[in-house]
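**Q** Mind having a look at this structure? Questions to follow.
The values are calculated or read from the model by the stated rules, or taken from the named source; none is laboratory data. Remember, predicted model here, so these are calculated numbers, not experimental data. Quick reminder, even Gly has a Cβ in these numbers, built from the backbone with ideal geometry, and neighbours come from all protein chains shown.
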């Protein structure tokens, strides 16, 4: 299995410990969302895995070996860290062709990946003329060029249009179904929830969570019940007398944090409360993420908790 493994991975920059004793495994066959606030250490971790920085302590390996020791690295890991890294004077085709030649990849792969990412029509144009979204597509093409068993992408949907985002989502899922190891860093919670099976969450250089998506949301997001009644005063009074205080929701609905419909239903019916709606709601990935990382972010703004 071609897994990504970190063992005691640590990186210090003078007085700052950007990555602090990380131990984790990114497994094949699923998309792992790599999350964390700004400054959490995600980009540094990816750079350490790719050998672009040296760890202060610990190791990071891909398929049991250091990535820097791979004879043809693009055949092992396809990575997108900086879409602006391509030489602006080159054409898209020449950029990919140079990468292919340097990694022993057949030149025929260039046109295949250009077609896959939707850049065939601009393959002969210089990269300096590309929009951010086109540069992102080119970066993804470079990551796919070696048909690697491992993909590592940092904010891959940045600059993509809606069609591109849908294509990216489907591509990530397909890669995982094919048994590849897929690690995707993103700040877009809704988008991450659409493709990730597993989450690795960092905060101030440490692992805060390493778990399945559904387990993460259930554990950190909490639940609530949405209630609508033709007699809201009786409904509120009944809940208050039983130690539960509802809060206003959208329209004429009320929300009851930390409760389940299966408990509130018999309670309200027994008190003669006419019920128009009674439904469990679970927090979104964004709400669960904010709840977990509220005290692990260096730069925060005020926001409402899931309630």
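**Q** What tally of residues in the range 1-17 results from selecting those that are modelled with pLDDT under 95 and crowded, with 19+ Cβ neighbours inside 10 Å?
**A** Number of matching residues: 0.
**Q** Kindly evaluate residue 39 against the criterion of being surrounded by fewer than 19 Cβ atoms within 10 Å (Cβ to Cβ) and within 18 Å of the chain's Cα centre (by Cα).
**A** yes
**Q** Could you check the range 242-253 and list, in sequence order, the residues that are in contact with a strand residue (DSSP E or B) (Cβ under 7 Å, 6 or more places away or on another chain), in a loop (DSSP other than H, G, I, E, B) and loosely packed, with under 15 Cβ neighbours inside 10 Å?
**A** Across the range 242-253, the qualifying residue is only 252.
**Q** If a residue has to be surrounded by fewer than 16 Cβ atoms within 10 Å (Cβ to Cβ) and assigned to a helix (DSSP H, G or I) to count, how many in the range 78-93 make the cut?
**A** Number satisfying all stated conditions: 2.
**Q** How many residues are closer than 11 Å to residue 264 by Cβ and under 32 Å from the mean Cα position of the chain (by Cα) when one looks only at the range 218-252?
**A** Final tally of qualifying residues: 3.
**Q** Checking residue 104 against (1) in contact with a helix residue (DSSP H, G or I) (Cβ under 7 Å, 6 or more places away or on another chain); (2) not in a helix (DSSP H, G or I), which test does it fail?
**A** Looking at each condition in turn, residue 104 falls short on (1).
**Q** A further question on this structure: Which of (1) in contact with a helix residue (DSSP H, G or I) (Cβ under 7 Å, 6 or more places away or on another chain); (2) at pLDDT below 90 does residue 273 not meet, given it meets every other one?
**A** Answer for residue 273: the failing condition is (2).
**Q** When you go through (1) in contact (Cβ under 8 Å) with a residue 24 or more places away in the chain; (2) in a helix (DSSP H, G or I); (3) touching a strand residue (DSSP E or B) at 6+ places or on another chain (Cβ under 7 Å); (4) farther than 22 Å from residue 30 by Cα one by one for residue 256, which number turns out not to apply?
**A** Evaluating residue 256 over (1) in contact (Cβ under 8 Å) with a residue 24 or more places away in the chain; (2) in a helix (DSSP H, G or I); (3) touching a strand residue (DSSP E or B) at 6+ places or on another chain (Cβ under 7 Å); (4) farther than 22 Å from residue 30 by Cα leaves (2) as the failure.
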